[in-house]
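Note sheet for the following structure.
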Amino acid sequence: MQALFDMDMSRNDSEERLELFCRNFNPSSKVLPFFQGLVDGVKKNRKEIDTLIEQYSSNWKISRISCVDRNVMRIAVYEMLYCEDIPSKVSINEAIEIGKKFGAEDSGGFINGILDSIRIMLENNNEE
């Protein structure tokens, strides 16, 4: 989340920016493949992810959502769409906890409402 937050705030999602982040925060070699996969996946699919978040955020434009909440939800939506080995409820619960820790007082509820709506839609689409 911190890497995506940094790239979002600087309006620079280049590989050079990510390398700078990694040099400063040094993710362990154990988590680096997962970290890189999440960052690359969110970047590659951001348009689709942002469209879903906007669709289920009660008319909030993605640009109006706080940077923390926006990037926490981007990760969770990416996981729900593309990481079959991660249960949606796990992605949502982790997003809520990260939102509570780094976001505003109401971030947990805001994130939960949007992500749970997306989860329900995805589950309904998979049943069809």
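Values quoted throughout were computed directly from the atomic coordinates according to the rules given, and no laboratory measurement underlies them. Not measured: the values here are computed from a predicted model. Note that we place each Cβ from the backbone using ideal geometry, even for glycine, and neighbour counts take in every protein chain shown.
Things to note:
- By the count of other C-beta atoms within 10 Å, a proxy for reagent exposure, 62, 98, 111 are ordered fewest to most as 62, 98, 111.
- Whichever lysines have a C-alpha closer than 24 Å to that of residue 47, once near sequence neighbours (fewer than 8 apart) are set aside: 61, 89
- Projected-area mean, the chain, by convex hull of Cα positions, square nanometres: 7.9 nm²
- The calculated P(r) of the stretch 65-111, using every Cα pair and 5 Å bins from 0, goes 5, 28, 33, 20, 11, 4, 0 in percent.
- Relative contact order %, the stretch 33-127, counting alpha carbon pairs below 8 Å whose residues are six or more apart: 27 percent
- With the charge dipole of the chain set up from +1 on Lys and Arg Cβ and -1 on Asp and Glu Cβ about the Cα centre, the Cα lying farthest toward the positive end among the listed residues 92, 27, 41 is that of 27.
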